[in-house]
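Contents: one structure, followed by commentary.
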2 protein chains.
Amino acid sequence: MAREIAINAFHMNTVGHQSPGLWKHPRDRSRGYKDLETWTSLAKTLERGLIDGLFIADVLGVYDVYGGGPETALRAGSQIPINDPLMLVSAMASVTENLGFGLTCNLGYEAPYVLARRMSTLDHLTKGRIGWNIVTGYLNSAARGLGLDKQVPHDKRYDQADEYMEVVYKLWEGSWEEDAVVLDAERRMFTDPAKVHRVEHNGEYYRVDAIHLCEPSPQRTPVLYQAGTSGRGRAFAAKNAECVFVNAPSAEVVKSYVDALADELSKVGRSRDDLRIFSMATVIVDQTDKLAQDKLVDYRKHIDHEGTLALMSGWTGVDFSTYALDDYVEDVETDAMRTALRSFTSSVSPRRWTIRDIAEFGAIGGRGPTFIGSPSTVAEQMETWVDATGVDGFNLAYAVYPETFTDFIDLVVPELQSRGRYKTAYRPGTLREKMFGEGGSGRLPSSHRGAGFRV
Amino acid sequence: MAREIAINAFHMNTVGHQSPGLWKHPRDRSRGYKDLETWTSLAKTLERGLIDGLFIADVLGVYDVYGGGPETALRAGSQIPINDPLMLVSAMASVTENLGFGLTCNLGYEAPYVLARRMSTLDHLTKGRIGWNIVTGYLNSAARGLGLDKQVPHDKRYDQADEYMEVVYKLWEGSWEEDAVVLDAERRMFTDPAKVHRVEHNGEYYRVDAIHLCEPSPQRTPVLYQAGTSGRGRAFAAKNAECVFVNAPSAEVVKSYVDALADELSKVGRSRDDLRIFSMATVIVDQTDKLAQDKLVDYRKHIDHEGTLALMSGWTGVDFSTYALDDYVEDVETDAMRTALRSFTSSVSPRRWTIRDIAEFGAIGGRGPTFIGSPSTVAEQMETWVDATGVDGFNLAYAVYPETFTDFIDLVVPELQSRGRYKTAYRPGTLREKMFGEGGSGRLPSSHRGAGFRV
């Protein structure tokens, strides 16, 4: 039987997220990101649709590669202003019971001892519904906010991340025994001190000499997400990630990522089943193919070319402001651009791309594919994509907020359910149990690196 | 007319808080600190009682001065386990409209650029109900969790804190003009880039070269709380704080703090009215004086001497485990102890104190006074305290959770209202407007240091 498709909703504590300029659409409500009701309402909607999780991206900087400053991103509202994602969680958790939360935190900017407590706190409050999207950042503007001249180099960031993970595993898995909290009034004992162990870590980047501050939470280590597709990123993912987020416009490219991850997993003794892989996508759906196409035409009136290129410049490091929108890529292409654009221009369709094409391609939902049509058309496209790439599901970006999500839930979810490709109820237990089955305790499986730090 | 008395509820994301061992009381529910419903229920209760704010203390370490290790604190549940306070806020904000949140964050352990965004996010989500309790920490165990051997020395911590405040003022007050976000669909402009300014700070402790990541929140700078009573702490408070939290068991000592703060304020051109001073206290109330005394006797069956001394050792730096409970303080007193205990033994009552007396004095509600009796007895005591010390109100600790708070709200609030010493409705506006009157915009007054960084 074909596997169920997993679905995360993809958002950020900002306006527009992956669709710069669509805040101008009369039905878009993403500018309400500052208001709690926007988020509690979203959480309830997603849970109604049996969505696995809300995946909240984050950057701690502004997209200022384009034009060498933040002006274009500010004008267009391209992921700026951008608020803290973690502050949203408890309100959404209080109005839901099953929805998971995939939370992006940059480990470069927070001590492991502090982040470990924050995540344990959220795992308690949500009763085990927390995932952590481990990122090391890509914006030099973020580094400058923290007193550095620029980002730590890519490979060194991964060395640091490796050690960081060791420290948080020690805190989450190795400090408190499962039954350390005894609540024994007779013996006047809240916690049995013999069952709490000090973590002593003396590494190259981190030193810790402390007990973890939190009692054992349902999952201990949150479900671990990661998004790197570089060689070093893949090796990191194979060792640490339980979910990987990949992003490319063509099934061929995504399949190559999936295959490479599977190879890497086998090298560290884990199986492909130990990992869930999510591909970014955007769904534009309506009752008929025609209505869906019309909807997209309407949405496209509001795209922002420069605002989109500002994001792309941040992602790729190429300052697209130095070209005219009508320049042909092949006429102006540099080595850096070629690398940056390979996954676009080579794999989507063989045509002469202009800079405008690049912008328009990414203007709605970013660099992932867009599935457009009636519910059955979209379901067909999603099944085909999953089967062709080997991914487990999608991170769904939105065009118009929250319409893109409600359309998906109202129209595509029933269609996928009727095809046996979508669950009809949440599974019980923690986020980890929901994603990987009911066998375990909700904690990391024994094949995972983090389990080695368990007491 | 006598002024209204302001009231904060004092709590921590932990069990027992200031009353170690009382988690064993059959009616205590503080062990539910891990559950969201505990906090949303508390928030609704406090708002029903027109309580000004929930003040959430925090430590990022464990009390391990007593006996040279964390064992006693762990066993007794003395502020350990301890979860992150900020993660609680959005859930409580979503079920209330007026309750303020005073949130403790240690500035030594978080970059100003990151903390500024976190606070702005919460100020948005709560529609301006956020206060920040600025602390620099007192536990070496926290420093060791972050890779240091011990705390930065006291005075140097304040130098660092002074500069930290400069940085966050620049981010909160000086980066975005009030009308920077224009939401102008015609001009395709979300934010007017000309109205967003880069903060460039090159100091001794911090470097920042970035724009603030958040659009202007209702209060910009959160209401600033501070708790230092050292000379250096007072000078810091006079320059930065809008609320000060003082803590001593005798009215004389508290009055001396208030007078010293007033002196310090005048030196920097601020008036006593620019500051709200809260004194820590615990209220044990019942229908009659007799019933209240009985309640206290019942509570005291559950106190934990060693657990209390573990807290006191952390606060004072004196390892009380080296003495027997029946040792007389005057027989074993060292210089460090004399300093640490001065505010206890000299000011409460002239008697021969044992170590046990010290523990029992602090066992319920910590080092503040305890007001015990019928509603009118307690109201009388509170009025007397306020009038004798010059404080504006109280941070109320609990003995049994949440009973101590519900008793206060059900019994003392109506009594204080009938005496004209307690509001009968919340004032409109942000936390700052509620606390300081409706004149302002909710932003820092022009006499405040932070206002000087405004664009």
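The values are calculated or read from the model by the stated rules, or taken from the named source; none is laboratory data. Computed from a predicted model, the values in this text were never measured in an experiment. Because the Cβ atoms are built from the backbone with ideal geometry, glycine has one as well, and the counts that use them run over all protein chains shown. These area figures cover heavy atoms from the full protein model, side chains too; ligands, DNA and RNA do not enter into them. Shrake-Rupley method; radii C 1.70, N 1.55, O 1.52, S 1.80 Å.
Worth pointing out:
- With a 1.4 Å probe rolled over the protein heavy atoms of all chains, the accessible area of B:Tyr328, B:Tyr66 falls in the order B:Tyr328, B:Tyr66, largest first.
- Accessible surface ranking for B:Thr45, A:Thr229, A:Thr121, 1.4 angstrom probe, highest first: A:Thr229, B:Thr45, A:Thr121.
- The stretch between A:Ala262 and A:Arg356, if pulled fully straight at 0.36 nm per residue, gains 30.3 nm over its current Cα-Cα span.
- Members of the range B:80-102 that become less accessible by 10 Å² or more once partner protein chains are added (1.4 angstrom probe, chain alone as reference): B:Ile80, B:Pro81, B:Ile82, B:Asn83, B:Asp84, B:Leu86, B:Met87, B:Leu88, B:Ser90, B:Ala91, B:Ser94
- Across the range B:101-134, the residues whose backbone nitrogen lies under 17 Å from the label position 7 Å along the beta-carbon direction of B:Glu204 are B:108.
- Take each residue in B:112-121, count the other chain C-beta atoms within 10 Å of its C-beta, and the mean is 5.
- Chain A: angle of helix A:375-389 to the longest principal axis, Cα-based, in degrees nearest 10: 70 degrees
- Spatial separation of Cα centroids for the range B:53-76 and the range A:194-238, in angstrom: 23 Å
- The length gained on full extension between B:Tyr426 and B:Arg187, counted as 0.36 nm times the residue separation minus their Cα-Cα distance, comes to 82.0 nm.
- Gyration tensor verdict on the range B:32-129 (Cα atoms; rounded if a/c is under 1.5, prolate if a/b is larger than b/c, oblate otherwise): oblate
- Per-residue accessible area (protein heavy atoms, 1.4 Å probe) orders B:Asp274, B:Asp123 as B:Asp274, B:Asp123, starting from the largest.
- Between helix B:289-300 and chain B: long-axis angle, C-alpha atoms, 0 to 90°, nearest 10: 90 degrees
- Anisotropy class assigned to the range A:178-290 is prolate, per the alpha carbon gyration tensor with a/c at or over the 1.5 cut-off and a/b larger than b/c.
- From its DSSP helices (H runs of at least four residues, each -39,500 (n - 2.57)), chain A gives a residue-normalised ellipticity at 222 nm of -11000 deg cm²/dmol.
- Tensor-based shape of the range B:409-455 (alpha-carbon gyration tensor, a/c under 1.5 rounded, otherwise prolate or oblate): prolate
- Solvent-accessible area lost in complex, 40 Å² minimum, residues of the range A:19-57 relative to chain alone, 1.4 Å: A:Trp23, A:Lys24, A:Arg31, A:Lys34, A:Leu36
- For A:Trp176, residues with placed amide H under 5 Å, excluding near neighbours: A:His197
- Protein accessible area in the range B:266-317, 1.4 Å probe - carbon and sulfur %: 52 percent
- Estimated FRET transfer efficiency (B:Leu291, B:Glu97; beta-carbon r; R0 30 Å; 0.05): 0.30
- Largest to smallest principal axis extent of the C-alpha atoms in the range A:107-251, angstrom: 61, 36, 25
- Here the contact order of chain B, divided by its residue count and restricted to Cα pairs under 8 Å and six or more residues apart, works out to 23 percent.
- The range A:156-231 - accessible surface per residue (Å², probe 1.4 Å): 37 Å²
- Between helix B:305-316 and chain B: long-axis angle, C-alpha atoms, 0 to 90°, nearest 10: 50 degrees
- Amide H contacts of A:Tyr401: A:Arg29, A:Ser30, each under 5 Å away and 5 or more positions distant or on a separate chain (H built 1.01 Å from N in the peptide plane; Pro and chain starts excluded).
- Note that the range B:169-179 has calculated 3J(HN,Hα) couplings of 4, 4, 5, 6, 9, x, 9, 10, 6, 4, 9 Hz, one per residue in order, obtained from phi through the Karplus relation 6.51 cos²θ - 1.76 cosθ + 1.60 (θ = phi - 60°); glycine and proline are x.
- For A:Arg276, distant residues with modelled amide H under 5 Å away: A:Cys243, A:Val244
- Take the Cβ atoms of A:Glu383 and A:Lys156, set R0 to 56 Å, and the FRET efficiency comes out at 0.85.
- Computed on the Cα atoms alone, the convex hull of chain B gives a volume of 146 cubic angstrom per residue.
- Proximal charge balance of A:Arg207 [Cβ under 15 Å; K/R count +1, D/E count -1]: -2
- Local net charge near A:Leu139, Cβ-Cβ under 10 Å (Lys/Arg +1, Asp/Glu -1): +1
- Charge tally in the Cβ shell below 9 Å around A:Glu177, where Lys, Arg are +1 and Asp, Glu are -1, A:Glu177 excluded: -2
- In the context of the full protein assembly, B:Arg27 retains an accessible surface of approximately 110 Å², using a probe radius of 1.4 Å and ignoring ligands and nucleic acids.
- Residues in the range A:155-190 that, when all protein chains are in place, have 50 Å² or more less accessible area than the chain alone would give (probe 1.4 Å): A:Leu183, A:Arg188, A:Phe190
- In Å², nearest 10: area of B:Tyr138 left accessible to a 1.4 Å probe: 100 Å²
- Both chains summed, the buried accessible area for A and B stands near 6400 Å², from protein heavy atoms and a 1.4 Å probe.
- Accessible surface of B:Asp294 - all protein chains present, 1.4 Å probe, nearest 10 Å²: 70 Å²
- Accessible area per residue, Å², the range A:1-152 with all protein chains present, probe 1.4 Å: 25 Å²
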